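Student: Please find one structure pasted underneath; my questions will follow.
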């Protein structure tokens, strides 16, 4: 019988997470992130969190995640987390849409040959405690190959590079976010075996709120319990809604937020959508951000009122170089509406 002292539970649960020293070796944290990592570590221990979700958004906008123990999540802040790169070969119906075992993984990206893992690096500046989940934290991640090189299909990395181009032109980015979505009632929790394959059949649903009485105070109040639960959850994760409105269709809701700058604007949309979906599903409801969930309902959209602010007055030569590369005209207020 071995007389060796047992390993402390924390050390065991963190063993084998990522590559030792991955973040420091490749210089992946800036000063703000390094400082935030220390604060997050202390916060996780102080709150006694049991689970921390590390989330990444695929190229279709679908959040994917692993739920780690607190000790494993702390290790990932230094080592990263090995994560299946297969998520980038899936469409929104979970079907593989590229020849995954071809050279370059079907993307023409050499590092994707052979269906490899990627490395997630949690961004500690995105840390939140999820109020709807028991003792659970959450962080968004950046994605790298094992060589420390950014993974080209990672949306956060792509936006960070575009923001860098904007900064070179003397500009930064500010977004006013306005999002419409539908809430419907799930008629049954029963899923029969023949309907459990992929892509699964749509669930049977019914109308959540009557609709077709645009901006009605009474109609909005009829679903107040759910909207208040969503509102309170968003407040707890630092996203207080500026406005909540009854939109056109039955169960169609619109939330808008005060202006948010830079990468934080995109991160806010990810967190908002996840919060709405999870709060609703815990109440037996389904929230969908599909542009047109059925033919007899009004379409939904996401609007981003996005002026490019001048951080400093750029020289004409510098601005011409920026316009040429980005294909932009002189920046002004614009909107993107996607139905």
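Student: Identify all residues within segment 56-70 that are surrounded by 20 or more Cβ atoms within 10 Å (Cβ to Cβ) and over 11 Å from residue 155 (Cβ atoms); write none if there are none.
Tutor: If the condition is that a residue be surrounded by 20 or more Cβ atoms within 10 Å (Cβ to Cβ) and over 11 Å from residue 155 (Cβ atoms), then 68, 70 are the ones that fit.
Student: Also: One residue is enough: does segment 88-104 have a residue meeting the conditions assigned to a helix (DSSP H, G or I), touching a residue at least 24 places away in the same chain (Cβ under 8 Å) and either in contact with a strand residue (DSSP E or B) (Cβ under 6 Å, 6 or more places away or on another chain) or farther than 17 Å from residue 58 by Cα (or both)?
Tutor: yes
Student: For segment 240-272, give me each residue that is part of a loop (DSSP other than H, G, I, E, B), in contact with a strand residue (DSSP E or B) (Cβ under 9 Å, 6 or more places away or on another chain) and either under 27 Å from residue 139 (Cβ atoms) or not assigned by TED's automatic domain parsing to the domain that holds residue 180 (or both).
Tutor: Within segment 240-272, 241, 242, 257, 258, 259, 262 qualify.
Student: Continuing with this model, one more query. Would you confirm whether any residue within segment 153-162 is closer than 29 Å to residue 74 by Cα and in a loop (DSSP other than H, G, I, E, B)?
Tutor: Yes, there is a match, as at least one residue in segment 153-162 is closer than 29 Å to residue 74 by Cα and in a loop (DSSP other than H, G, I, E, B).
Student: Of all residues in segment 71-87, how many are part of a strand (DSSP E or B) and surrounded by fewer than 17 Cβ atoms within 10 Å (Cβ to Cβ)?
Tutor: Qualifying residue count for the region: 1.
Student: Among the residues of segment 169-213, count how many are within 12 Å of residue 253 (Cβ to Cβ) and in a loop (DSSP other than H, G, I, E, B).
Tutor: Matching residues across segment 169-213 total 3.
Student: Let me ask you something else. Quickly run through segment 125-140 and pick out the residues that are assigned to a loop (DSSP other than H, G, I, E, B) and either under 17 Å from residue 38 (Cβ atoms) or outside the structural domain of residue 49 (by TED's automatic domain parsing) (or both).
Tutor: Result: 127, single match.
The values are calculated or read from the model by the stated rules, or taken from the named source; none is laboratory data. Nothing here was measured: the structure is a model prediction, and the numbers come from that model. Here the Cβ is made from the backbone with ideal geometry for all residues, glycine too, and neighbour counts use every protein chain on show.
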